[in-house]
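Here the structure is laid out as structure tokens; the discussion comes afterwards.
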Amino acid sequence: MKLYVQNIAKIESAEVAVDGISVLAGYNATGKSTISKSLSGIIRAYTNIHQRAHNSQIRSIDSIIDSFIEELIPEEGLYMRNNRNLIQAILSKDVSLPSNYKPFPDLFLLYVSDMHEDFPEPSAETEELYQDFLGQMQRALSRPLEEHIQFLVESNIREVFDRQVNTLGQTSVGTITLRDDSGTVICYVKLKGNKVTNCSYNAIKESRPIYLEPKHALDDLSRKSSIRILEPLVNDLLANEKNQLADRTIEDQERSERVIAIINKAIRGGLVENGSSLQYMDEQFSLISLKNLASGNKTFAVIRRLLENGQFYKNHTLIIDEPEVNLHPAWQLTLANVLVILHKELGLKIFLNSHSPYFVRAVEVYSQRYEIADRCHFYQTRPGNHGMYQVVDVTGNTEQIFRDLYLPLEEL
């Protein structure tokens, strides 16, 4: 599979392999994170897209019903109702909404029994409210599922980019595309002015990627109890109901333990669940709050916890933005070793971007040592046109990366 990016943020053009291990090197502010976000955003956007679009349609209809009932019976707005049975009956065409208000209360109560207030008697006012409600329902029901898909795709892409997808002043259409090995489009999205102008509507087989950023979810978790709702990574770290342990084999467990053994050379401890939050437990079984956890430990601790929770599985995509952040060069080498082993043992697809020559070189060396060099791809950002950057494939010619990244040291 390959990712293609054009005119997104600072990237003029890029073609990056998404299998094995891919490393994108370059200076700060040259678009490396743009590639990470594009990859994470498009996979997230299209994961389970048809089911999510159906759920979006249900939410729209549910909101219209709730607004109508609350306007019709203001006191009823104080209570929660379950409209799901009525919505499903309407969507499956088992029932049609009556053309006027009078028979509606009986139909509603047939499917929604948890009412607390009585419906008002028919009147000119209730009929007017009902006709407006009918119009909204007809518009919602006639809205094609493709519109919900485009809405969700746009929401996902904009969220990943914090609503700044296109470079300020950029008038060109930006595109993010995934293609399979034969070049066939898996999914795509076109954007202009931070809005989706066109996108594909087919589902993809990829599952939601795990994306680790320099600003760790653990930092927010130490301050906000509500972050679990907002950050998918925290759900993966916390929620037992989402893990893959039930499908795990002895061989899977042994592979994970081999990776954990390498992590233990760097840190002697791990994340443990404490109620609805996480803490760090060291080798003396002392609990350390995440706020006080050394920054360099966090990426190792997160990877270890995800392994323990069974959140890594074959062909799953792991994206790490600047993995070397807060790590001494020795630990950069250890992390590179861990990531290469993760691919070799568990079959993860791994995308990394880095500005550390130590880390990039370590990935290259360990991939050769573990005989998976043919599954590693190396890229570099280089100046393009109009202040933007292009991504160049330097696989087999990585000395260009080291020449550029070591240049500041030579100046000293």
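It is to be established whether one or more residues within the stretch 308-316 are within 27 Å of Arg44 (Cα to Cα) and more than 23 Å from the chain's Cα centre (by Cα).
The answer is no, given that none of the residues of the stretch 308-316 is within 27 Å of Arg44 (Cα to Cα) and more than 23 Å from the chain's Cα centre (by Cα).
Look through the stretch 128-171, keep the residues that are among the charged types (D, E, K, R) and either under 14 Å from Val189 (Cα atoms) or open to solvent by less than 70 Å² (accessible area, probe 1.4 Å) (or both), and return whichever of them is modelled with the lowest pLDDT.
For the stretch 128-171, the residue satisfying everything is Arg158.
Which number in (1) in contact (Cβ under 8 Å) with a residue 40 or more places away in the chain; (2) under 27 Å from the mean Cα position of the chain (by Cα); (3) farther than 19 Å from Ile210 by Cβ; (4) in a helix (DSSP H, G or I) marks the one condition that Val363 misses?
All conditions are met except number (3).
Out of everything in the stretch 88-115 that is in a loop (DSSP other than H, G, I, E, B) and among the charged types (D, E, K, R), what residue ends up being surrounded by the most Cβ atoms within 10 Å (Cβ to Cβ)?
Only one residue fits best here, namely Lys102.
Go through the stretch 255-276 and report how many residues are surrounded by 14 or more Cβ atoms within 10 Å (Cβ to Cβ) and among the hydroxyl-bearing types (Ser, Thr, Tyr).
Qualifying residue count, the stretch 255-276: 1.
Quick one: would you say Ile69 is in a helix (DSSP H, G or I), surrounded by 14 or more Cβ atoms within 10 Å (Cβ to Cβ) and at pLDDT 95 or above?
no
How many residues does the stretch 23-59 contain that are open to solvent by 50 Å² or more (accessible area, probe 1.4 Å) and touching a helix residue (DSSP H, G or I) at 6+ places or on another chain (Cβ under 8 Å)?
5
Looking only at the stretch 1-10, how many residues end up being open to solvent by 20 Å² or more (accessible area, probe 1.4 Å) and in a strand (DSSP E or B)?
Of the residues in that region, 4 qualify.
Which of the strands (runs of 3 or more DSSP E) contained wholly in the stretch 116-215 include at least 1 residues that are small (Gly, Ala, Ser)?
It comes to 174-179.
Leu39 fails exactly one of the following numbered conditions: (1) assigned to a helix (DSSP H, G or I); (2) in contact with a Pro (Cβ under 9 Å, 6 or more places away or on another chain); (3) farther than 30 Å from His316 by Cα. What is the number of that condition?
Every condition holds for Leu39 apart from (3).
Picking from Glu324, Glu273, which residue would you name as being at pLDDT 85 or above, not in a helix (DSSP H, G or I) and not aliphatic (A, V, I, L, M)?
Exactly one of Glu324, Glu273 is at pLDDT 85 or above, not in a helix (DSSP H, G or I) and not aliphatic (A, V, I, L, M), namely Glu324.
Is there any pair with a first residue in the stretch 325-336 that is closer than 14 Å to Tyr366 by Cβ and a second that is open to solvent by 30 Å² or more (accessible area, probe 1.4 Å) whose Cβ atoms are under 6 Å apart and which are 6 or more apart or on different chains, and what are they?
Cβ pairs passing all conditions: Gln332/Tyr358; Ala336/Tyr366.
Restricting to the stretch 343-354, and then to whatever is over 27 Å from Asn28 (Cα atoms) and in contact (Cβ under 8 Å) with a residue 40 or more places away in the chain, can you tell me which residue is surrounded by the fewest Cβ atoms within 10 Å (Cβ to Cβ)?
Here the answer is Glu345.
Each row is one residue, and each column tells you yes or no for (1) in a helix (DSSP H, G or I); (2) surrounded by 22 or more Cβ atoms within 10 Å (Cβ to Cβ); (3) more than 23 Å from the chain's Cα centre (by Cα).
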| site | (1), (2), (3) |
| --- | --- |
| Leu333 | yes, no, yes |
| Phe359 | yes, yes, yes |
| Gln368 | yes, no, yes |
| Arg382 | no, no, yes |
| Thr395 | no, no, yes |
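Read through the list (1) surrounded by 14 or more Cβ atoms within 10 Å (Cβ to Cβ); (2) touching an Asp or Glu at 6+ places or on another chain (Cβ under 6 Å); (3) assigned to a helix (DSSP H, G or I), then give the number of the only condition that Arg81 fails.
Status for Arg81: all satisfied but (3).
Just one of Ser13, Ser63 is open to solvent by 10 Å² or more (accessible area, probe 1.4 Å), among the small types (Gly, Ala, Ser) and part of a strand (DSSP E or B); which is it?
Answer to the selection: Ser13.
The values are calculated or read from the model by the stated rules, or taken from the named source; none is laboratory data. Everything quoted here is computed from the prediction, not taken from an experiment. Backbone-built Cβ (ideal geometry, glycine too); neighbour counts: all protein chains shown. Note: areas computed on protein heavy atoms with side chains; ligands, DNA, RNA excluded. Shrake-Rupley method; radii C 1.70, N 1.55, O 1.52, S 1.80 Å.
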